[in-house]
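Only one structure is covered here, and it is reproduced in the block below.
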Amino acid sequence: MKRAYNFNAGPSALPLAVLQRAQQELLDFRDTGMSVMELSHRSKEYDEVHNRAKQLLKELMNIPDTHDVLFLQGGASLQFSMVPMNFLTDGRVGNYVLTGAWSEKALKEAKKVGETHIAASSKEENYAYIPANESIQLSEETAYLHITSNNTIFGTQWNEFPDADTDLIADMSSDILSREIDVARFALIYAGAQKNLGPSGVTVAIIRNDLLERIPENLPTMLDYRTYSTSNSLYNTPPTFAIYMLSLVLEWVQEQGGVGVIEKRNQEKAGVIYAAIDESDGFYAPHAKKGSRSLMNITFTLPNEEVTKRFLAEAKERGFVGLAGHRSVGGCRASVYNAVPLEACEALAQFMKEFPKYFG
């Protein structure tokens, strides 16, 4: 079987070794005579999977004891509502840095709950850069500062996180586990799994424990972070198969040598494709400015729509999948998450170098 060069923005590539392991265990998980999908979430066998995933994430990300790991559902989109519902209390202001479509959606949901403030934005240049930290202007009575660490549509990424005098909350759906970070700097990190952590279906939240004391008492049970913290994310049936897959992906990261090794690999992978862009004499035009370029989502445009369509058609013929850019930017996008191998990036870069010759 020939595997595709998978550059989908999400759900995205999973490590082949993880897929093969899941295949081997699909019908009979650890001699239970059942698939992991059939196990009770109250069983000893599943409990080991659940806690293993939680512990591995703590180890790989060096999560301090001040923070807890929660497994939720609803994706980052539900977190856009849960964050303000839990922490945007009366008299406080939710501060947001706008760097793309997902931060706009987070702000939209927060406005339904309470008062908000745009602390910085790069919208005036179609989100081609990350605002400088010194440009961030917090409101008075700030509840928190919310950022989106990586912007899948526009291909930008925070290289240096804000050092603001308030609780920092980050949507890290598209670059969690792709580089080493200091978790202690964040009050809350949340991420949908379907980029670097596993298949869609589970959302990870890393929350500083003292934030739980600020949550109002009148929230619906399933929208209250305390529900998940006090029950080890087992208040109701969790997405058991997605968490199992998460545990396998985390084991794979550990086997690779940890997040530091993954980060260096990601830098190399992205560098190969950015070099093809920069050395094309303008045939490929990057959307993101150099200081804000993402290691996860590489966005670029071609001379015109006709050339773009031909590029995508030729790419598909050669086994490249998921290269069409979002309509907000146009052109193309290569998403090179952790599981995308270097060989796929090298193959794409070679194709990009060859393609302009058709239009010489």
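The values are calculated or read from the model by the stated rules, or taken from the named source; none is laboratory data. No experiment lies behind these values; they were computed from the predicted model shown. Neighbour counts are summed over all protein chains in view; Cβ atoms, including those assigned to glycine, are modelled from backbone coordinates with ideal geometry. Keep in mind that these areas ignore ligands, DNA and RNA; they rest on the heavy atoms of the full protein, side chains included. Shrake-Rupley method; radii C 1.70, N 1.55, O 1.52, S 1.80 Å.
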Q) So how exposed is Lys290, as accessible area in Å² (1.4 Å probe, rounded to 10)? A) 150
Q | For the stretch 205-215, Karplus couplings with θ = phi - 60° (6.51, -1.76, 1.60), whole Hz, Gly/Pro x | A | 10, 10, 10, 6, 4, 5, 5, 4, 6, 8, 6
Q: Could you list the square roots of 5 times each eigenvalue of the Cα gyration tensor of the stretch 1-109, that is, the equivalent ellipsoid semi-axes, sorted largest first and rounded to whole Å?
A: 34, 22, 14
Q. With the chain treated as a Gaussian network of Cα nodes joined by springs under 10 Å, which of Gln256, Gln267, Gln194 yields the largest mean-square fluctuation?
A. Gln256
Q | Rg(Cα) / (2.2 N^0.38 Å) computed for the stretch 191-308, rounded to two decimals | A | 1.52
Q: Specify the residue with the greatest mean-square fluctuation among Arg42, Arg226, Arg92, computed from a Gaussian network of the chain linking alpha-carbon atoms under 10 Å apart.
A: Arg42
Q.
So if I take the alpha carbon set of the stretch 47-106, get Rg, then get Rh from the Kirkwood formula, what is the Rg over Rh ratio?
A. 1.07
Q. For the chain, which whole-number percentage of the solvent-accessible area (1.4 Å probe, protein heavy atoms only) is attributable to carbon and sulfur atoms?
A. 47
**Q.** Where a label projected 7 Å from the Cα of Ala347 along Cα→Cβ would reach, residues of the stretch 283-324 with amide N under 13 Å
**A.** 315-322
Q | Residues in the stretch 334-353 reached by a label modelled at Ala313 [backbone nitrogen below 20 Å; 7 Å Cα→Cβ] | A | 351-353
Q) From the list (1) 22.3; (2) 23.7; (3) 21.3, can you say which value of Kirkwood radius over Cα pairs in Å was derived from the structure given? A) (3)
(Q) Suppose all protein chains stay in the model; what accessible area per residue would a 1.4 Å probe give for the chain, in Å²? (A) 44
Q.
With a 1.4 Å probe and all protein chains kept in place, how do His146, His117 rank by accessible area, largest first?
A. His117, His146
